[in-house]
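*Asks:* The structure follows.
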Amino acid sequence: MTKKLYIKTFGCQMNEYDTERIISAFEMMGYGMTDDPSEADFAIINTCSVREKPSEKVKSEIGRLKKYKKDNPNFKIGVAGCVAQQEGEAILDSNSYVDMVLGTDGIPRIGEVVERVENGERIAVTEFSSDNFTIPNFSRNRSVSAFVTIMKGCDNFCSYCIVPYVRGREKSRKSIEILDEVKYLVDNGVKEVTFLGQNVNSYGKNLDENINFTQFLYMATKIDGLERIRFVTSHPKDFSGELVDLISSEEKICEYLHLPLQAGSDSVLKKMNRGYSYSEYFEKVSMAKEKIKNIAISSDFIVGFPGEKDDDFLKTLDAIKEIEYETIFAFKYSPRPGTKASDIEDDVSEIVKSQRLKKLLDEQEKITSRLLKSQIGEIQEVMVEGISKKDNKVFSGRNRRNRIVNFVSSKVLKAGDIVNVKILEAKKNSLYGEKI
Ligand code: SAH
Ligand code: SF4
Ligand code: F3S
């Protein structure tokens, strides 16, 4: 019988991409996939450690999986991703059920490591690779939309953030390797790619070739058959007018920008080591809004950073009103081991953090609602991603602004079709319309 892999993924899109690489490596070793851990021979949790809660989740996941070892003595448990990188060997020491710990640079070694684990060894791989950053092309479960990692790591060291410690220093992939991967995906039915990096704007900095992110994106727009291009995440300090001009002039690049502000107060931004002031950020966002017609902007926020006073928080509230994001992702600050901010007292109480988070999200709900309602009557370009299970005349997709649009169509459509939809209704987080 073929062996089966069960894998559960937490965290950001880069982890989703890594999960696809892990699956592909297991498939090459003859494994099939399963959604049911009780059927699996190998279970992997691909972890995130960006906030406190995700790492707790990992502990409870291991707790849930260990029972399968009773029925199947060969059942192996692996922890991959950012918690694996952060805690390494310690996971093996503190948890006798875990057989494999695979850090963020460990994926290329997975074949050899899994073989040894299958033979009874317990292994932790946590070295960062010093090689050039390459990802050989790999087969994957394709949909019409795919993530493609273009760089890894981060050199920004925002004072609260663990990513530079768990993903290592910034490294870019060679442009030709990425473009080949995209061409391969397009040949296999992919219509939209999202380029991934913690800080895509510094793409190319440490490559031998002379290339920056804007130049790279321009090359990607030339790929025949690729219809839509997105990217995350842009760091505001490196976000350039050159990129804005490219987005506004290239049809394939979608009008959606995730530009995390994190906080509205300059003193908090300074303590966060973000490298910009609110007014500098506002200037860049305004330029993007002015030059890119119909752009949707989104952002991340942290509330309750050490020392954040009511006044500081009010500046964050003012910022979301002034900028009018279409979406925000907001989090309560949580100290991460080893980061600079974790040395400062976490002095905003849990109650105040929760109150601020609620206030911010409530305010955003009004803004989102207003912005979505203002789109009623518009004709929007939607790429079909799925068909409703209940009604085969109802389809689901995304508009160019990255918003989910559900719509009716009397014509049968398939995933990847790009159609024009008249927006009839705004729901809480999505739009509803009909194909015209
Ligand atoms: N590279 C991306 C962010 C990756 S982490 C960027 O620079 O924007 C995703 C988000 O998690 C961050 O934008 C931040 O809002 C949040 N985050 C990171 N560390 C955090 C912490 N210690 N506590 C709470 N939220 C945090
Ligand atoms: Fe973390 Fe800042 Fe790097 Fe984003 S830019 S990954 S928030 S250190
Ligand atoms: Fe989490 Fe690692 Fe991504 S910490 S946000 S999975 S880079």
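The values are calculated or read from the model by the stated rules, or taken from the named source; none is laboratory data. Bear in mind the structure is a predicted one, so any value in this text is a computation, not a measurement. In this analysis, Cβ positions are derived from the backbone assuming ideal geometry, glycine residues included, and neighbour counts consider all displayed protein chains. Side chains included, ligands, DNA and RNA excluded: accessible areas come from the protein's heavy atoms. Shrake-Rupley method; radii C 1.70, N 1.55, O 1.52, S 1.80 Å.
*Asks:* Only one of these is surrounded by 14 or more Cβ atoms within 10 Å (Cβ to Cβ), assigned to a helix (DSSP H, G or I) and either within 15 Å of ligand 1 (Cβ to nearest atom) or of a type in the set (Lys, Arg) (or both): PHE331, PHE313. Name it. Before you say what the answer is, go through the steps one by one.
*Replies:* Values: PHE331 fails: assigned to a helix (DSSP H, G or I).
The match here is PHE313.
*Asks:* Next up: State yes or no: is VAL101 crowded, with 19+ Cβ neighbours inside 10 Å, touching a Gly at 6+ places or on another chain (Cβ under 8 Å) and farther than 22 Å from THR47 by Cβ? It would help to see each step written out before you state the result.
*Replies:* Numbers: crowded, with 19+ Cβ neighbours inside 10 Å: yes; touching a Gly at 6+ places or on another chain (Cβ under 8 Å): yes; farther than 22 Å from THR47 by Cβ: no.
Taking the combined requirement at face value, the residue does not satisfy it.
*Asks:* I would also like to ask the following. Does the stretch 110-119 contain any residue that is part of a loop (DSSP other than H, G, I, E, B) and of a type outside the set (Ser, Thr, Tyr)?
*Replies:* yes
*Asks:* Taking into account only those residues within the stretch 247-267 that are open to solvent by less than 20 Å² (accessible area, probe 1.4 Å) and within 27 Å of GLY189 (Cα to Cα), which is nearest to ligand 1 (Cβ to nearest atom)?
*Replies:* HIS258
*Asks:* Do you know which of the residues in the stretch 285-308 that are surrounded by fewer than 20 Cβ atoms within 10 Å (Cβ to Cβ) and touching a Lys or Arg at 6+ places or on another chain (Cβ under 9 Å) is modelled with the lowest pLDDT?
*Replies:* ASN294
*Asks:* From the list ASP346, ASP318, ASP310, ASP300, which one is within 16 Å of ligand 2 (Cβ to nearest atom) and either over 20 Å from GLU56 (Cα atoms) or in contact with a Pro (Cβ under 9 Å, 6 or more places away or on another chain) (or both)?
*Replies:* The unique qualifying residue is ASP300.
To keep it simple, each residue is scored yes or no on (1) within 30 Å of TYR31 (Cβ to Cβ); (2) modelled with pLDDT of 95 or more; (3) open to solvent by 60 Å² or more (accessible area, probe 1.4 Å).
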| site | (1), (2), (3) |
| --- | --- |
| ARG116 | yes, yes, yes |
| VAL125 | yes, yes, no |
| ASP155 | no, yes, yes |
| VAL163 | yes, yes, no |
| ILE178 | yes, yes, no |
| ASN188 | yes, no, yes |
| GLU192 | yes, yes, no |
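*Asks:* Moving on to the next point. Filter the stretch 388-414 for residues that are of a type in the set (A, V, I, L, M) and more than 22 Å from the chain's Cα centre (by Cα) and give the result. Walk me through it before giving the result.
*Replies:* Applying the first criterion (of a type in the set (A, V, I, L, M)) to the stretch 388-414 yields 394, 404-405, 408, 412-413.
The answer is VAL394, VAL408, VAL412, LEU413.
*Asks:* Name the single residue, out of those in the stretch 139-178 being among the aliphatic types (A, V, I, L, M) and without any contact (Cβ under 8 Å) to a residue 60 or more places away in the chain, that is farthest from ligand 3 (Cβ to nearest atom).
*Replies:* Among residues in the stretch 139-178 that are among the aliphatic types (A, V, I, L, M) and without any contact (Cβ under 8 Å) to a residue 60 or more places away in the chain, the one farthest from ligand 3 (Cβ to nearest atom) is ILE176.
*Asks:* Mind telling me which of the residues LYS340, LYS366, LYS428 ends up being loosely packed, with under 12 Cβ neighbours inside 10 Å and in contact (Cβ under 8 Å) with a residue 24 or more places away in the chain?
*Replies:* Going through LYS340, LYS366, LYS428 in turn, just one is loosely packed, with under 12 Cβ neighbours inside 10 Å and in contact (Cβ under 8 Å) with a residue 24 or more places away in the chain: LYS428.
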